[in-house]
Amino acid sequence: MFNFLKNMMPAEDSVDLKELYENGAKIIDVRTPAEFNMGHIKGSKNIPLQNIANHINEFNQDEPLILCCASGNRSGSARRMFQNQGFSNVHNGGGWQRLKYTIEG
């Protein structure tokens, strides 16, 4: 029940994630490969949280990124990692299922 409620919680950003996505934001899913393979947003890139630091340099600091995971906790941690490296347009999309519903309807 607790996980279900967490998945229904809004993402921490007040930006329009659907608009960001429609305008080319990349979606980074920070769950494990096993979780990702059980379901994910089409076109999202899987970079597990523990590997984020090794991949941050693959992205432009100003390009829009939307991070997601199962509940929003790991994506929140990943967001802080990106921000600590100077990224200014990175957003916590929260749980991937909620984000999928937000961007796909």
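Quick one: among PRO48, PRO64, PRO33, which has the greatest mean-square fluctuation in a GNM of the chain with alpha-carbon springs under 10 angstrom?
PRO33
Beyond 18 Å, what percent of the Cα pairs of segment 2-104 remain?
39
Pull out the extension gain between ASP16 and ARG80, defined as 0.36 nm times the separation in residues minus the alpha carbon to alpha carbon distance; nm, one decimal.
Full extension of this stretch gives 21.1 nm more.
Arrange GLU35, GLU63 by Cβ neighbour counts within 10 Å, fewest through most, would you?
Ranking GLU35, GLU63 by Cβ neighbours within 10 Å, fewest first, gives GLU63, GLU35.
With unit charges on the beta carbons (Lys and Arg positive, Asp and Glu negative) and the dipole taken about the Cα centre of segment 2-104, which residue among LEU99, ALA70, SER14 sits farthest to the positive side?
Toward the positive end, the furthest listed residue is ALA70.
Relative to the present Cα-Cα distance, how much length would full extension add between ASN54 and ASN89 at 0.36 nm per residue of separation?
Contour length minus the Cα-Cα distance gives 10.7 nm.
Coordinate-derived values only; no laboratory data. No experiment lies behind these values; they were computed from the predicted model shown. Positions of Cβ are generated from backbone atoms using ideal geometry, with glycine treated the same way; all protein chains shown enter the neighbour counts.
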